[in-house]
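Take a look at the structure below.
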Number of protein chains: 2
Amino acid sequence: MLDGFFAPASIAVVGVAREPGKVGHFVFRNLLDGGFPGDVWPVNPNAEEILGHTCYRDVTRLPGVPDLAIVAVPAHLVPSVVDQCAGVGITSVIVLSAGFKETGPAGARLERELAQVAAAGGVRVLGPNSLGLVATPSHLNAAFAGSLPRVGGVAFLSQSGALGTAILDESAAGGPGIAYFVSLGNRADVAEHDLLAVWEDDPAVRVAAGYLESVRDGAAFLSAARSFTRKRPLVLLKAGTSDAGARAVSSHTGSLAGSDVAYDSALRDCGALRVHTAEELMDAALAFDLLPIPEGPGVGLLTNAGGLGVLATDEAERRGLSLASLSAETVSALRSCLPDAAAFYNPVDVLGDADPQRYADAIAALLADDGVHSLLVMLTPQAMSRPVETAEAILSAVKGCDVPVVACFAGGDAVEEARALLREGGVACYPSPERAVFAASLIERYRVIRSVGLDVAEKPAADVATAAALLATARASRRPFVIDEVAAMVAECFGIPVPCGSVAADLTEARRIAAECGYPVALKVSSPDILHKSDVGGVVVGLRDEAALDVAYDQLLERIRRRAPGAAVAGVYVQKMAESGRELIVGINRDATFGPLLMVGLGGVYVEVLKDVTFGLCPVSPSGAKDMLSSLTGYALLRGVRGEQPADLDAAADIISRVSWMAVELDDVIELDINPVIVLNRGQGAVAADIRIGIGG
Amino acid sequence: MLDGFFAPASIAVVGVAREPGKVGHFVFRNLLDGGFPGDVWPVNPNAEEILGHTCYRDVTRLPGVPDLAIVAVPAHLVPSVVDQCAGVGITSVIVLSAGFKETGPAGARLERELAQVAAAGGVRVLGPNSLGLVATPSHLNAAFAGSLPRVGGVAFLSQSGALGTAILDESAAGGPGIAYFVSLGNRADVAEHDLLAVWEDDPAVRVAAGYLESVRDGAAFLSAARSFTRKRPLVLLKAGTSDAGARAVSSHTGSLAGSDVAYDSALRDCGALRVHTAEELMDAALAFDLLPIPEGPGVGLLTNAGGLGVLATDEAERRGLSLASLSAETVSALRSCLPDAAAFYNPVDVLGDADPQRYADAIAALLADDGVHSLLVMLTPQAMSRPVETAEAILSAVKGCDVPVVACFAGGDAVEEARALLREGGVACYPSPERAVFAASLIERYRVIRSVGLDVAEKPAADVATAAALLATARASRRPFVIDEVAAMVAECFGIPVPCGSVAADLTEARRIAAECGYPVALKVSSPDILHKSDVGGVVVGLRDEAALDVAYDQLLERIRRRAPGAAVAGVYVQKMAESGRELIVGINRDATFGPLLMVGLGGVYVEVLKDVTFGLCPVSPSGAKDMLSSLTGYALLRGVRGEQPADLDAAADIISRVSWMAVELDDVIELDINPVIVLNRGQGAVAADIRIGIGG
């Protein structure tokens, strides 16, 4: 769909200045220097010829209709140029010009105009304020980087074009090979999800990697990314984690969550691998560009220095990577090819005087072990080391095997040539053991994502219409929160268990409800005019029998008459007291980008002081909800400590999943807190004891 | 004291083989190639001449007494060679030979013999199994690295010689400059603390950096490191964090603590900066080699790409680094020298088309701001960037100022020359924004360490003699734990408040004690034969008055007669019940390297499930104890949540400090748990309610 951008047959560059310093000129020259095989037509009304190419007055005068136009005219002229492009049938336009949204309200208006013109004319626009695009399969260098990067399988997208130029420069100097590089600019039209949608089936792409400060369209991104990560890895550096604009997730969790929590949840949800530094992004891109995905978790480590082995083992533990237990056959094969002083268990130490053949022999032994699913080979340049020959020996030894091989050749000049050799041979080589382990841990994480699959939540049976109607009525009252008996009814529409109860119009009815639900009960005044019932003495708890009920009922109404004289009283909400059990808090808030965000934590001080909470996108399946629970630090409290029974995790997870669906189905639910969800012992169920629904008022 | 190693006038190399591949030959050649100005005498009984130098039969035949002997003979000959060295007056010996402790029990015996011979002869030995030593001030290359590293201020020590060779190689390729490099080998004699002791006053040393898998002598290390870090920064990569040999800290905390916790506490205690990867170690060494220590916390950020600024800001927050708030004057100065579209607040964005002069102008404006104590300057190579000229402009702009300047020049070949230029000019330049921020955060951490000073605990008044006598008596009973009434007496000797109580020989005395201490009281049978009192019905709690006491007293003794018929009963321990309050657990265990280790946590599930605990070396001052408390996740519980009064932190800290002194003064205390320390509201005190002292039995 975006072929015009990535594989154009011909290109017009609109706004090619005669002066070499200007943007249009620079990109035009890069296009020519990059060896683009098709026609490239410069457009400049004031020049005859630039760099030996005839100039055209405007896009209507071109000798043909180019597949792609690259626009570098002043900002205010851009909409009319795009309109002209549409007029002659050009469907893909890159706008390099700056001066749009990034400059303020006037620029934002101009950008909206540009988007409207483009949409009306059926033109896809990359930019404005883009630093261009590179497509190595098409020999297309329509960016600011001086030379084409090394060719490879990385499709790179960046919201910071300038960071992108650094990446292209690193690529040329032995970094990962590039298939595509796209500077997204202001994203008036083409955004990250468009790119993922076309890249997921492009054979030139082995991995998509990106730098994003935000996602433009949360739903479109999640859909495209979930589809993409089923086929290929997606690595993202989401910057702006310290953004002062982080918003609260709910009244309870405002101090815990910012939008970064939503991004974290979203990236996990769609199977993307989140990295946290520019170096990790490059290291990840290199790994996925070169390496196959392993078939299991076992990592074999090989080193010629104990210190490297220790550092790699430490980092493997930190990254949750498991070292393979070598089989007896492997150990005996290693014994037969290594000196006595060597280490024959993982990590295997071939000793400081190892020559290339010793490396090759040990690698052969490790590759023959079924428990070794990936291999990490390390070397420091010691007196007897021959790094280049060792690199060659490693490449021969791993040739034709489908096990991913990562290397760490530590040092400087002594190992530089060897590193380049390894990378050319398909071994991802890094300068430090920790970076090599990080690379190995990423391919393993992607293996797990692919084999486990993403969480798919099936919608439970729910009476959405009734729930929506209840909320619509509540909204009509123009109060920010739903009164709790209504909130309980809304929850029941989604099959969420709440304490037995309903509103009684008189004492007789109250007695009947209490008898049906069972004692002890609580009484709460039911009035659309009274939101904070306790404040007016409108709540009585712990009534153990009908005699107590009778007394409390009359006293309650008497208090209300006195303390809230104007309130319209619909009756008294009679509710069975919840049993005691372990307590959860389940909350919902809406993220501007990704929609409803679920928060789950242990109640009380665990949330308020220890901030032991976890977040996820809605909806979540019951099994996804269990994963959330198990990620809590205090999870052991749910499983039972000091001889306690385990809590009913199935029932808790079911409630959490249903709450997540409530948020998805009911747009009126702006925020929601269930505090507590009381979880009884295993097999006994769970109940949403106190539900607060915010509808924005 | 170690001048013979670092500044010898003449050197003998014992065991110089004629074959170039052998260790002795290699080091001999490196010595000559490195340009060592003094005499270098090869010793080999079977050769006349090697590399043009006359060989000597043994060290007794040398033309003079060398300051240093380097020994590379087979392991079994090493003790006799060292003995010979001692005989002729050589006082410094490096043993390169392997085949000692690292090979097993026989090698360990040989190593002990070596150590004895050396000690008897007054010889200091580096090694065995060392990969040598480099001292650039002396042009001394007595190691395996092919060439001398770049000269600089880093004194490097490594337990992994092989990792060291990688570091020397990186140094030559633009890494940090080296003053000394020492491969410690097996540390039969010279260890890390010896090196720190001589380096702290060596003007060639700006920073000590090291790779350690263990510390040989905890007390000596702490003392040397505490002294060293007052003068110069010490950066350590402690490897082996995943060591399966991690030991339990106490019965309560066995699952929480391994020896890595002790290392973490020790490195904090002595003001060392702990890093976690080889790359961080190199980056830290570069920073401290080049940069002055800042005079305040404010960091100014300057970039030509918004993306770099965002990434740097994110990392600064993660590293706890504070960005300077620029003064109004600074902002107005920036406005006058930068384009309108630039960002004038921290981070300052000079825009993608910034030329060298614009960098220089912006830097001048930032340096004039009193709130900018260090500067981070970033660049990506964009179309208009001139990296080399920008580097020159930066160096001119910062010339003569005492503000540390860190740089990030992102990219590959386009910025390589500029990076080298910056480093040569004293600007620590890194390839990624996060690594640059890490460097800035380290120099800031060292500034804080230097300005705050290390914790100094003053010994409280204590009756150590009585406490020691009580423990000695208990030890005589050959039981692993002290009974609790004795434990309480030991604690009281150190001024630790315990619940009022003592042992009553009969009911009359019990009544008197209860009356004195006040009700309610608990009764516990006092018998050296009964360790688990509850198991035999030997504990009664909650006695509210004398009538209850009378009944319980007789019943208790009756039960003991029945259920522990052989036990010698000394009486009944009458103890006032502790009031309720917030609960801490305070524990002590002994680390094999660093001695008594203190653990402090909130009681109950906070320790057992949430593992919210903190560790420190003993002794700790009351203010150090408060720092420990404030590092707990649940600290807010002590300060009071939901309108609670704050707990008496002074009293809690006082108890913690006194407990740490108990551990220091009483070697018999193998482990100790006070669970709980009950902390009352502010001003009300705290009490060690239940003390368990393990004496190893």
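The values are calculated or read from the model by the stated rules, or taken from the named source; none is laboratory data. What you see is a predicted model, and the numbers here were worked out from it, not measured in a lab. All Cβ positions, glycine included, derive from the backbone under ideal geometry; neighbour counts span all protein chains shown.
Please verify whether segment B:278-287 includes one or more residues that are in a strand (DSSP E or B), buried (at least 20 other Cβ atoms within 10 Å of the Cβ) and either touching a residue at least 60 places away in the same chain (Cβ under 8 Å) or within 14 Å of chain A (Cβ to nearest Cβ) (or both). No: segment B:278-287 contains no residue that is in a strand (DSSP E or B), buried (at least 20 other Cβ atoms within 10 Å of the Cβ) and either touching a residue at least 60 places away in the same chain (Cβ under 8 Å) or within 14 Å of chain A (Cβ to nearest Cβ) (or both). Taking the conditions (1) in contact with a helix residue (DSSP H, G or I) (Cβ under 6 Å, 6 or more places away or on another chain); (2) surrounded by 17 or more Cβ atoms within 10 Å (Cβ to Cβ); (3) assigned to a helix (DSSP H, G or I) in turn, residue B:444 satisfies each one other than (1). Would you pick out the residues in segment A:1-30 that are more than 20 Å from residue A:57 (Cα to Cα) and either within 14 Å of chain B (Cβ to nearest Cβ) or over 38 Å from the mean Cα position of the chain (by Cα) (or both)? Within segment A:1-30, A:21, A:30 qualify. Considered as a group, the residues in segment A:379-428 that are touching a Gly at 6+ places or on another chain (Cβ under 9 Å) and assigned to a strand (DSSP E or B) include one that is surrounded by the most Cβ atoms within 10 Å (Cβ to Cβ), and that residue is A:379. Summed over segment B:135-168, the residues that are within 14 Å of another protein chain (Cβ to nearest Cβ) and out of contact with any His (no Cβ under 8 Å at 6 or more places or on another chain) give a count of 22. Based on this model, can you work out whether residue B:65 counts as of a type outside the set (Gly, Ala, Ser), assigned to a strand (DSSP E or B), assigned by TED's automatic domain parsing to the domain that holds residue B:185 and farther than 30 Å from residue A:342 by Cα? Criteria not met by residue B:65. Within segment B:557-580, work out how many residues are crowded, with 20+ Cβ neighbours inside 10 Å and either over 30 Å from residue B:651 (Cα atoms) or not hydrophobic (A, V, I, L, M, F, W, C) (or both). Going through segment B:557-580 one residue at a time, the tally reaches 3.
Of note, residue A:124 does not satisfy the criterion of being among the basic types (Lys, Arg) and either free of Cβ contacts under 8 Å to residues at least 60 places away in the same chain or at positive phi (or both). Restricting segment A:587-606 to residues that are within 11 Å of chain B (Cβ to nearest Cβ) and buried (at least 22 other Cβ atoms within 10 Å of the Cβ) leaves a set whose member that is farthest from the chain's Cα centre (by Cα) is A:606.
Restricting attention to segment B:169-204, the residues that are modelled with pLDDT of 85 or more, within 14 Å of chain A (Cβ to nearest Cβ) and closer than 22 Å to residue B:427 by Cβ add up to 6. May I ask you to verify whether residue A:521 is at pLDDT 95 or above, farther than 27 Å from residue A:464 by Cα and surrounded by 19 or more Cβ atoms within 10 Å (Cβ to Cβ)? Yes.
Every residue, every condition in (1) at pLDDT 95 or above; (2) touching a strand residue (DSSP E or B) at 6+ places or on another chain (Cβ under 6 Å); (3) more than 14 Å from chain A (Cβ to nearest Cβ); (4) farther than 23 Å from residue B:435 by Cβ, yes or no:
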residue	(1), (2), (3), (4)
B:343	no, yes, no, no
B:366	yes, yes, yes, no
B:372	yes, yes, yes, no
B:376	yes, yes, yes, no
B:385	no, no, no, no
B:389	yes, no, yes, yes
B:404	yes, yes, yes, no
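Of the strands (runs of 3 or more DSSP E) lying entirely inside segment A:90-176, not one carries at least 3 residues that are in contact with a helix residue (DSSP H, G or I) (Cβ under 6 Å, 6 or more places away or on another chain) and among the acidic types (Asp, Glu).
Just so you know, in segment A:409-450 the residues that are within 10 Å of chain B (Cβ to nearest Cβ) and charged (D, E, K, R) include one that is nearest to residue A:274 (Cα to Cα), and it is A:435.
Are there any helices (runs of 4 or more DSSP H) wholly within segment A:479-570 with 2 or more residues that are out of contact with any His (no Cβ under 9 Å at 6 or more places or on another chain), without any contact (Cβ under 8 Å) to a residue 60 or more places away in the chain and not assigned by TED's automatic domain parsing to the domain that holds residue A:468, and if so which?
Of the helices (runs of 4 or more DSSP H) lying wholly inside segment A:479-570, those with at least 2 residues that are out of contact with any His (no Cβ under 9 Å at 6 or more places or on another chain), without any contact (Cβ under 8 Å) to a residue 60 or more places away in the chain and not assigned by TED's automatic domain parsing to the domain that holds residue A:468 span A:507-517, A:546-563.
Scanning segment A:329-346 for residues that are assigned to a loop (DSSP other than H, G, I, E, B) and surrounded by fewer than 21 Cβ atoms within 10 Å (Cβ to Cβ) yields A:338, A:339, A:340, A:341, A:342, A:344, A:345.
Filtered by the rule that a residue be more than 26 Å from residue A:628 (Cβ to Cβ) and among the basic types (Lys, Arg), segment A:448-488 gives A:475, A:478, A:479. For residue A:99, the stated conditions hold: it is in contact (Cβ under 8 Å) with a residue 24 or more places away in the chain, in the same structural domain as residue A:203 (by TED's automatic domain parsing) and farther than 20 Å from residue A:140 by Cα. In segment B:297-328, the residue that is farthest from the other protein chains (Cβ to nearest Cβ) out of those that are outside any helix (DSSP H, G or I) and within 24 Å of the chain's Cα centre (by Cα) is B:297. Taking residues in segment A:581-594 that are under 17 Å from residue A:630 (Cβ atoms), and partners anywhere that are polar (S, T, N, Q), the pairs with Cβ atoms closer than 6 Å and at least 6 places apart or on different chains are A:585/A:675.
The conditions of being touching a helix residue (DSSP H, G or I) at 6+ places or on another chain (Cβ under 9 Å), more than 9 Å from chain A (Cβ to nearest Cβ) and among the basic types (Lys, Arg) are not met by residue B:335. When segment A:237-259 is filtered for residues that are aliphatic (A, V, I, L, M), buried (at least 18 other Cβ atoms within 10 Å of the Cβ) and either out of contact with any Asp or Glu (no Cβ under 9 Å at 6 or more places or on another chain) or modelled with pLDDT under 50 (or both), the ones remaining, listed by number, are A:249, A:256, A:257.
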